[in-house]
Protein chains: 4
Amino acid sequence: MKDVQSEKDLRHIPLKHVGIKNLRWPIELMDKERGTQHSVANVTLAVDLPHDLRGTHMSRFVECLRTLGPVGLNEIENILDKLKEHLQAEKAFMQLEFPYFITKAAPVSGMTAPMDMDCVYKAEKGERFKLRITAVVPVQTLCPCSKEISDYGAHNQRAWAKMEIEASELVWLEELAALADAAASAPVYGLLKRPDEKFVTERAYDNPRFVEDAVREIALRLEADKRITWYRAEVESVESIHNHNAFAVVEKGE
Amino acid sequence: MKDVQSEKDLRHIPLKHVGIKNLRWPIELMDKERGTQHSVANVTLAVDLPHDLRGTHMSRFVECLRTLGPVGLNEIENILDKLKEHLQAEKAFMQLEFPYFITKAAPVSGMTAPMDMDCVYKAEKGERFKLRITAVVPVQTLCPCSKEISDYGAHNQRAWAKMEIEASELVWLEELAALADAAASAPVYGLLKRPDEKFVTERAYDNPRFVEDAVREIALRLEADKRITWYRAEVESVESIHNHNAFAVVEKGE
Amino acid sequence: MKDVQSEKDLRHIPLKHVGIKNLRWPIELMDKERGTQHSVANVTLAVDLPHDLRGTHMSRFVECLRTLGPVGLNEIENILDKLKEHLQAEKAFMQLEFPYFITKAAPVSGMTAPMDMDCVYKAEKGERFKLRITAVVPVQTLCPCSKEISDYGAHNQRAWAKMEIEASELVWLEELAALADAAASAPVYGLLKRPDEKFVTERAYDNPRFVEDAVREIALRLEADKRITWYRAEVESVESIHNHNAFAVVEKGE
Amino acid sequence: MKDVQSEKDLRHIPLKHVGIKNLRWPIELMDKERGTQHSVANVTLAVDLPHDLRGTHMSRFVECLRTLGPVGLNEIENILDKLKEHLQAEKAFMQLEFPYFITKAAPVSGMTAPMDMDCVYKAEKGERFKLRITAVVPVQTLCPCSKEISDYGAHNQRAWAKMEIEASELVWLEELAALADAAASAPVYGLLKRPDEKFVTERAYDNPRFVEDAVREIALRLEADKRITWYRAEVESVESIHNHNAFAVVEKGE
């Protein structure tokens, strides 16, 4: 059968990325506490394409992905190497978006339950391997202005602490989750009994934080971590007094 | 050209619905305060199909929709009549999902801004015309348990008050929005200055409401309205202490 | 601590559902070929609430869910029984929405890869246990009209065959997937090499199907299965010549 | 009342962005053919924040947005100037995401209907004004490999041609839509009668295009337009033989 993809291309336009997207795939992830955990990823796989080749061989992306083992840093680089080899490319790219579960203990009762967070591994390899890790941790923010100006109460809400990092060594998703919890008005939990609810309510009231405060608290902690070479942090709150969200962003070096 | 759709079908299976979905369309809506307003709808159009016909003529749905005028009750029935006629059907069905804006004044400063809510008109006509109207109004709920057990503060959050109704007469979307505001701990606004924020914070603290409370307050008001012949009400809150939502549902006659 | 939820309610409005929604949870599912498989579910849990009780105890839903074992029919009923007991309710409700993977072999090369489909288990138990299973199977449809009237070619597209069923005995998700494949112009695969692509292209061209045809082919097969006591089938195609979708619905008994 | 936001901040962390997100707002847009058209936008507004200020004044974003007139290049810059002034910032940022409708005539019958596309205006102003315009145009792609290797037929599907550009002069969204149509196997329409469907089917079969081909055809046209100073183009196809998508990206200067 004719290999149409391998035809010469005369348009002189190299492609930055060519590949597949929105591929759902069952994955096994390295878990700091339990060894591994299972999840389902939304996968993007791509390579670059030189200007003189008409197309890539899309089925080879899935063939490489079929060999994916438990996902850690080495395994991600390993898949990128395979993509480069099997697709005869200079650069390979992979993105895995997945929910990740951490087991959280309620602050008073100690009862445990899993809590989900959205995470992303975004990796590429040309000459060298580059990886960005994103964790979106649900937390609570309580408005300092509302607390200050009101005779009682203060509006609060669920918020997302989104951290995207590059690091020179392994940083666990569990570490990013703990860091976000410390930076917010209060953590969010999967399971709380009444004494826990009292504790969390008072903790949030004692720690009022704008999105501006929370994102700076995150940035301070990311700056202090010597493993982390670059970061972008964003806190977005589902404002309980508006139908829109507030957000604040810090990016290293900007 | 051959009309494949009009071929005889021998499978003896009538179709409840056949039509088009996920069609975005600019619409003009009746507005209680301002006469009309513009929005963009996600449209579903369908008819039934008798067991002995192979297919319907999909392009006629769009042809009928092109004649849509400002959307009120008469215009919706009008389009259903056209669908029945042009597609030679016994029953026609239309659903319009759209954001609708109401102008809200802040409670102290009186400053105004539009606030969006998701709405749905779901209509069908066989022998008689039937219409369900849905409004999803963003509101605030403050947890009575959290307030009661804590020395200070109380967790609160954005919530959606979703009302689906059938009525014997016109019920404005603005009326459903006002009803939801009255049933919640506090309304949600597009624009609040500091004195407004103080007012809203204290109002919510003074009116703690579980989702169970808020949905019952809505049900009481819907029951008391003689125009409303059926309803389903749901309140869902984006819990600020969890990463999942709480919800409660009342349905007339259940 | 005061139990605010257990206060008397004087509004005389029973709640159909009260519970939690949008709770993500890792699950293990019964798998026809491999014993079990892991996935991540979006979970809804609810009970009814009598008119004279103010609220339910939300944390007990998560406490019950923590005991969830590998998900089969018995385990679903088991959780519903626990919910009824621990929340002192007459009725309990659970919905699990999750991606499910089936391993498909390409039609010529025989190469295998997982393919995802969206599935739902929707269960309730009052006096008796009731379960609805939904599978949304991606397939291909090729337009019979386009083939007939064109000198060459025919527009085709990805489509979703959505089947919701009640059954007197176990029906595997794998069975619903196979049934959808047989009803469409061609199945959809995770991995196809060139001889497979030729096969699938020609198979679709040889089996042109409107959404009306495909949904009737599904209905014929569901009707013929004695285990299936009720169904609703829908086929929706992502039309390649329009920016909207076509769909057709059959519901047993309508 | 105390102005908590204006407190000194001692954490020495400047914020890149602080503002509001997910604000839905009715807008009026400049329309090449009809003067203006109405739509609904999802709005992001932000400014930078110096290291020594604790917070911004969120309500001022909405106050500025209330003055938004029909959206053209001048009006976008105008709003950014207001944000800089009213929020005393060095930089202001605005993003509008909205559906935009173009009226398309069917290729044979000439019948017209609106067709929607997702568009984005992403603007910022520090010392100078910078604007990126994105249009996501639905088109059809027909696979050259499938056509070549099959005895008859060829798989085809809906695809998105996504173009993000910077330009020295006005480029209409209508121009980007026309450019995408020319680069694809065939355009997509809101309304087609049977002679149109025959035409479109044959046109796609006569113009097989991989995503790699289509994105290069787009890049050639964007390169040739002297007004366009930067672009990123992506074509993503909803593969009809798989449950994942294929995509290709070109970025100027990479």
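The values are calculated or read from the model by the stated rules, or taken from the named source; none is laboratory data. These numbers come from a predicted model, not from an experiment. Cβ sites come from the backbone with ideal geometry, for glycine too, and all protein chains shown count toward neighbours. Areas reflect the complete protein model, heavy atoms only, side chains present, ligands, DNA and RNA absent. Shrake-Rupley method; radii C 1.70, N 1.55, O 1.52, S 1.80 Å.
Here is how far apart the D:T229 label points are across copies: 3.2, 6.3, 7.0 nm, shortest first, using a point 7 Å from Cα toward Cβ. With a 1.4 Å probe rolled over the protein heavy atoms of all chains, the accessible area of B:F210, C:F199 falls in the order C:F199, B:F210, largest first. When A:E169 is represented by a point 7 angstrom out along its Cα-to-C-beta vector, the spacings to that point in the other copies are 5.8, 6.0, 7.5 nm, nearest first.
A Cα-only calculation for region A:185-236 places Rg and Dmax at 14.0, 41 Å.
Rg/Rh for region B:43-103 (Cα atoms only, Rh after Kirkwood) is 1.04. In chain D, helices alone account for a calculated mean residue ellipticity at 222 nm of -7500 deg cm²/dmol, with every DSSP H run of four or more residues adding -39,500 (n - 2.57). As an equivalent ellipsoid, region B:135-195 spans semi-axes of 28, 15, 8 angstrom, where each value is the square root of five times an eigenvalue of the C-alpha gyration tensor, largest first. State, to one decimal in nm and shortest first, how far the label point of A:R128 sits from each corresponding label point in the other identical copies (label point: 7 angstrom along Cα-to-Cβ). Counterpart label points of A:R128 in the remaining copies fall at 3.2, 6.9, 7.6 nm. The residues of the protein assembly as shown present an accessible area of 36 Å² per residue when probed at 1.4 Å with all protein chains retained.
Here is the interface size for D with B: some 2700 Å² of accessible area buried, both sides summed, with a 1.4 Å probe. Of the solvent-accessible surface of region C:43-163, computed with a 1.4 Å probe over protein heavy atoms with every protein chain present, carbon and sulfur atoms account for 44 percent. For region D:140-254, dividing the convex hull volume of the Cα atoms by the residue count gives 111 Å³ per residue. The calculated pair-distance distribution of region A:62-221 uses every alpha carbon pair, bins of 10 angstrom beginning at 0, and gives 10, 31, 27, 17, 10, 4, 0 percent. Among the listed pairs B:K162/B:K226; B:K21/C:K91; D:K32/D:K91; B:K91/D:K193; A:K122/D:K226; B:K198/D:K16, a Cα-Cα separation exceeding 26 Å is found for B:K21/C:K91; D:K32/D:K91; A:K122/D:K226; B:K198/D:K16.
For region A:16-124, trypsin sites (Lys or Arg not before Pro) are listed when DSSP marks them as loop and at most 15 other Cβ atoms sit within 10 Å of their Cβ; the list is A:K32, A:R34, A:R66.
Our note on the geometry: Cα centres of region D:87-142 and region A:136-159, 36 Å apart.
Structural size metrics of region D:1-64, computed from C-alpha coordinates, are Rg and Dmax of 16.8, 54 Å. In degrees from 0 to 90, rounded to the nearest 10, what is the angle of the helix C:211-224 Cα long axis to the longest principal axis of chain C? Rounded to the nearest ten degrees, it is 60.
Axis angle, to the nearest 10 degrees, between helix A:194-206 and the longest C-alpha principal axis of chain A: 90 degrees. Between the amide H of B:E239 and those of B:A246, distances stay under 5 Å, these residues lying 5 or more places away or on another chain, with hydrogens modeled in the peptide plane. Any chance you could give the angle, 0 to 90 degrees and rounded to 10, that helix C:73-86 forms with the longest Cα principal axis of chain C? Taking the Cα atoms of chain C, the angle to C:73-86 is about 20 degrees. For C:T56, the accessible area of its heavy atoms, probed at 1.4 Å with every protein chain present, is near 10 square angstrom.
So if I average 1/r over every pair of distinct C-alpha atoms in region D:1-110 and take the inverse, what Kirkwood radius in Å does that give?
Kirkwood hydrodynamic radius for region D:1-110: 15.9 Å.
One chain, two ends: A:K32 and A:E7. Fully extended at 0.36 nm per residue, the span grows by 4.3 nm beyond their Cα-Cα distance. Ordered from highest to lowest accessible area with the whole protein assembly present and a 1.4 Å probe, B:D3, A:D31, A:D206 read as A:D206, B:D3, A:D31. Chain C has one residue whose beta-carbon comes closest to the axis relating it to chain A; that residue and its distance in whole Å are C:H38, 2. Sequentially through region A:104-110, phi angles give Karplus couplings (6.51, -1.76, 1.60; θ = phi - 60°) of 10, 9, 4, x, 10, 6, x Hz, Gly and Pro residues having no value and appearing as x.
Across every pair of non-identical alpha carbons in the protein assembly as shown, the mean reciprocal distance, once inverted, gives a Kirkwood radius of 30.0 Å.
When the residues B:E251, C:E85, A:E148, B:E212 are ordered by accessible surface, computed with a 1.4 Å probe over the protein chains alone, the sequence from largest down reads C:E85, A:E148, B:E251, B:E212.
Shown for region A:199-254: the carbon plus sulfur share of the solvent-accessible area, taken with all protein chains present and a 1.4 angstrom probe, equals 46%.
Region D:231-254 and region B:20-68 have Cα centres lying 31 Å from one another.
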